[in-house]
Amino acid sequence: MGYPGIVVLMFLESSFFPFPSEVVIPPAGYLASTGEMNLLLVILSGIIGSLLGAIFNYYLALYLGRPFFQRYGRYLLISNKALERSEVFFQRHGHISTFVGRLLPGIRQYISLPAGIARMNMPLFCIFTALGAGIWVIVLALVGYLFGMNSHLVHQKLRTISLCLLAFVVVITLLYVWFYRKKSRS
C-alpha cells in the first residue's frame with residue numbers, strides 16, 4: 001500500500017483501534033534498506049498517520065468525552081469532582097503528559113482522550129504528539145532498516161529499546177517535576 005498505507009495504518013494505531021505499529025514501520029524500514037522505499041518518507045508517513053489518529057481521538061473526546069463521563073461516570077467510579085481535577089491537571093501538564101504518553105505502549109493510543117476532554121491547546125497538542133510519535137516511529141524505522149526481516153532480532157532490539165525509552169520517560173518525568181516544583185517555589 002506504500003506511503004498512504006503507512007499513514008492509514010498508523011492512523012489506526014494512534015486512534016483507539018488495537019493495531020500495533022510494530023507490524024507497519026519496521027517492515028517499511030526494511031523496504032527502505034532495500035531501496036524500495038525512502039526512509040525519510042516512511043518516517044514522515046508514520047508521524048503523519050500517528051498525528052491524524054491522535055487528532056481523531058482528541059476530537060472524539062472533545063465532543064463525546066465530558067458529556068459521557070458526566071452522565072455515566074458514576075458507574076465507572078469517576079465523580080464530576082475527579083473529572084474536573086483531571087482536567088485541571090491536564091491543562092497544566094498536558095504537554096509533557098502527551099509527549100511521555102506517546103512513548104508508552106498501551107498509553108500512546110489513549111493519551112489523546114484526556115487531552116480532548118481537557119481542551120488542550122491544539123497547536124501544543126500537535127507539537128508534543130508529533131515529537132513523541134516521531135521518536136517512536138524513528139526507532140521502529142531504524143530497527144527495520146538496520147535489522148531487516150530477521151523478526152527475532154527485530155523483536156529483541158525493540159524490547160531493549162522499549163526498556164530504554166521507559167527509562168527515558170522516567171528521567172524526563174522526574175526532570176519535569178523537579179523544574180516545575182522549582183519554578184513554583186520562586
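The values are calculated or read from the model by the stated rules, or taken from the named source; none is laboratory data. Keep in mind that this is a model prediction, so the values were computed, not measured. Ideal geometry is used to build each Cβ from the backbone, glycine not excepted, and the neighbour counts take in all protein chains shown.
Pick out the one residue from 54, 61 that is over 27 Å from residue 153 (Cβ atoms), modelled with pLDDT under 90 and assigned to a helix (DSSP H, G or I). Let's see the steps before the verdict.
Values: 54 fails: modelled with pLDDT under 90.
Unique residue meeting the criteria: 61.
Could you say whether any residue in region 27-50 is of a type outside the set (Gly, Ala, Ser), in a helix (DSSP H, G or I), at pLDDT below 95 and in contact with a helix residue (DSSP H, G or I) (Cβ under 7 Å, 6 or more places away or on another chain)?
yes
Which ones in region 93-114 are within 22 Å of residue 179 (Cα to Cα), in a helix (DSSP H, G or I) and not polar (S, T, N, Q)?
Selection gives 93, 94, 95, 96, 99, 100, 101.
Go through 107, 111 for me and flag whichever is touching a Ser or Thr at 6+ places or on another chain (Cβ under 9 Å) and β-branched (Val, Ile, Thr).
Values: 107 fails: touching a Ser or Thr at 6+ places or on another chain (Cβ under 9 Å).
Checking each option against the conditions leaves just 111.
Is region 6-26 home to any residue that is assigned to a helix (DSSP H, G or I), touching an Asp or Glu at 6+ places or on another chain (Cβ under 7 Å) and closer than 22 Å to residue 108 by Cα? Steps first, answer last, please.
Taking region 6-26 first, the residues assigned to a helix (DSSP H, G or I) are 6-14, 21-23, 25-26.
From what's left, touching an Asp or Glu at 6+ places or on another chain (Cβ under 7 Å): 21.
If we keep only those that are closer than 22 Å to residue 108 by Cα as well, we get 21.
For region 6-26, residues assigned to a helix (DSSP H, G or I), touching an Asp or Glu at 6+ places or on another chain (Cβ under 7 Å) and closer than 22 Å to residue 108 by Cα: present.
Residue under question is residue 124, and the condition is that it be in contact with a His (Cβ under 9 Å, 6 or more places away or on another chain) and either modelled with pLDDT of 80 or more or in a helix (DSSP H, G or I) (or both); does it hold?
The answer is yes for residue 124.
So which pairs qualify, if the first residue must be in region 164-186 and closer than 22 Å to residue 105 by Cβ, the second must be in a helix (DSSP H, G or I) and among the hydroxyl-bearing types (Ser, Thr, Tyr), the Cβ gap must be under 9 Å, and the two must be at least 6 apart or on different chains?
Partner pairs satisfying both residue conditions: none exist.
If you scan region 100-121, which residues turn out to be surrounded by fewer than 22 Cβ atoms within 10 Å (Cβ to Cβ), within 16 Å of residue 166 (Cβ to Cβ) and of a type outside the set (A, V, I, L, M)?
Once the filter is applied, which keeps residues that are surrounded by fewer than 22 Cβ atoms within 10 Å (Cβ to Cβ), within 16 Å of residue 166 (Cβ to Cβ) and of a type outside the set (A, V, I, L, M), region 100-121 yields 105, 106.
Can you tell me which condition residue 116 does not meet? The list is (1) at pLDDT 85 or above; (2) over 13 Å from the mean Cα position of the chain (by Cα); (3) more than 30 Å from residue 67 (Cα to Cα); (4) not acidic (Asp, Glu), and all the others hold.
(3)
Exactly one condition in (1) in contact with a helix residue (DSSP H, G or I) (Cβ under 7 Å, 6 or more places away or on another chain); (2) of a type in the set (A, V, I, L, M, F, W, C); (3) closer than 18 Å to residue 21 by Cβ is false for residue 163; which is it?
Exception for residue 163: condition (1).
Have a look at 146, 131, 64 and point out the one that is in contact (Cβ under 8 Å) with a residue 40 or more places away in the chain, of a type outside the set (D, E, K, R) and surrounded by fewer than 18 Cβ atoms within 10 Å (Cβ to Cβ). Steps first, please.
Details: 131 fails: in contact (Cβ under 8 Å) with a residue 40 or more places away in the chain; 64 fails: in contact (Cβ under 8 Å) with a residue 40 or more places away in the chain.
It is 146.
Restricted to region 85-119, and to residues that are of a type in the set (Lys, Arg) and out of contact with any Leu (no Cβ under 8 Å at 6 or more places or on another chain), which residue is farthest from residue 52 (Cα to Cα)?
85
Take the residues in region 25-40 that are under 12 Å from residue 137 (Cβ atoms) and hydrophobic (A, V, I, L, M, F, W, C); name whichever of them is surrounded by the fewest Cβ atoms within 10 Å (Cβ to Cβ).
The extreme case among them is 40.
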